[in-house]
Amino acid sequence: MTQHSLGEFEELVLLMVAAQHDEAYGVTILEGLEEKLKRK
């Protein structure tokens, strides 16, 4: 059986979704990642 793990990007997106709760939509997730990572 193959073992799969999350990449850095996937982990960051899931963490942002968890942090934003009910406000987690595509644009807000992207904006949150850009703000926290200081890049676009």
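Please treat every number below as a calculation from the coordinates, not as lab data. Everything numeric in this text was worked out from a predicted model, so none of it was measured. So basically every Cβ, Gly included, is an ideal-geometry build from the backbone, and we count neighbours across all protein chains shown.
Counting helices only, and only those DSSP H runs with n ≥ 4, report the 222 nm mean residue ellipticity of the chain as the sum of -39,500 (n - 2.57) divided by its residues, in deg cm²/dmol to the nearest 500.
-19500 deg cm²/dmol
Once you list every other residue whose beta carbon is under 14 Å from the beta carbon of Leu14, what net charge do they have if Lys and Arg are +1 and Asp and Glu are -1?
-2
Set the Förster distance to 35 Å, then compute FRET efficiency between Val27 and Leu6 from the Cβ-Cβ distance, nearest 0.05.
0.95
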